[in-house]
1. Cβ under 13 Å from Gly178's Cβ, Gly178 left aside: what net charge do those residues give with Lys, Arg +1 and Asp, Glu -1?
2. If you project the alpha carbons of the range 42-151 onto their three principal axes, what span does each projection cover, largest first, in Å?
3. If you average the C-alpha positions of the range 58-133 and of the range 200-246 separately, how far apart do those two centres end up, in angstrom?
4. Per the Cauchy relation, a quarter of the hull surface: what is the mean projected area of the convex hull of the alpha carbons in the range 38-91, in nm²?
5. Sort largest first and round to whole Å: the equivalent ellipsoid semi-axes of the chain, each the square root of five times a Cα gyration tensor eigenvalue.
6. Treat the range 117-229 as a sphere of radius equal to its Kirkwood radius over Cα pairs and apply Stokes-Einstein at 25 °C in a medium of 0.890 mPa s; give the translational diffusion coefficient in µm²/s, rounded to a whole number.
7. Using a cut-off of 13 Å between beta-carbons, work out the net charge of the residues near Pro219 (Lys and Arg +1, Asp and Glu -1, Pro219 not included).
8. Which whole-number value in Å³ per residue fits the convex hull of the alpha carbons of the range 89-133?
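Just so it is clear, none of the values below were taken in a lab; they were calculated from the coordinates. Values in this document were obtained by computation on a predicted structure and should not be read as measured data. Every residue, glycine among them, receives a Cβ derived from its backbone with ideal geometry; neighbour counts consider all protein chains shown.
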Amino acid sequence: MSEERAIQEEFERAAPAFAERTRGRFDDLPATGFSRVESHETVLEVGCGTGNFLRQFRGHAQRLIGLDLTAGMLGVAKTQHPDLGLVQGNARRLPFASASVDLVTSAQALHHIWDPIPVVMEMRRVAGPQGRVMVVDQHTTESYEQASFMNQLEAIRDPSHAVSRPPSAFRIIITSSGLEIVDEHLWEGTNRLSQWMWPGEFPEERIEQVRGFIEKHGPETGMDWERDGDDWVFTRRRMMILARRA
Ligand SMILES: C[S@@+](CC[C@H](N)C(=O)[O-])C[C@H]1O[C@@H](n2cnc3c(N)ncnc32)[C@H](O)[C@@H]1O
């Protein structure tokens, strides 16, 4: 199955529950201040899903546009956030003119993409010489072994997962796409398995497989899994990078 087909299959099924489960996950990430967004600017999010990240820019920018591959995700975004401009499309071929957007962002989408440099280069094209590119995504530790185990776990949880990367890999992706890093921010918080995998969103057998993997390999993932009664608590790591044309 192609990368895109797997993503659409997973997110069409999950869309309404995904929107609810992830509603507040960016609330303690200082994304708008970090982005240096200004009130006259246009913001585009590539892989906007149900709009939970893009909505943070409401009141901070003049125009908010979200692009996503999956119609079901955009359908939920349209219902919940009617003020967003929404476009169905592929991050590899953004249907926007060069230098037409002030801030081109992407949150929690690059880990679904095996080959992210062409996507970041597209974001750079649309941002143009004066614009900014901002990437937000989960990250692994810098240990190759821990990253491998975390990715095995993520692939069981979500078959459309491609690869979570360490901060050093994001820096290479950005600079290899013809951008220079203006700022970066590493964030760490705790989450729990019961929140990460809602029973209404994920098939029961997947939840059981993930539980089995954590029991066997949890310590090797670098995610600091700790039992809490029937549940598990773990460390969630995210990174924000702000960049502009080199
Ligand atoms: C984990 S969700 C994140 C959604 C949203 N950014 C958020 O953080 O709430 C990943 C989203 O990226 C989208 N996506 C993945 N690959 C894409 C691509 N090549 N082009 C456009 N959207 C893509 C998926 O359809 C999905 O909605």
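1. +2
2. 43, 33, 25
3. Here the two parts' Cα centres lie 26 Å apart.
4. So the Cα hull casts an average projection of 3.1 nm².
5. 29, 20, 16
6. Numbers: Rh = 16.0 Å.
Roughly 153 µm²/s, to the nearest whole number.
7. -3
8. Roughly 64 Å³ of hull volume per residue.
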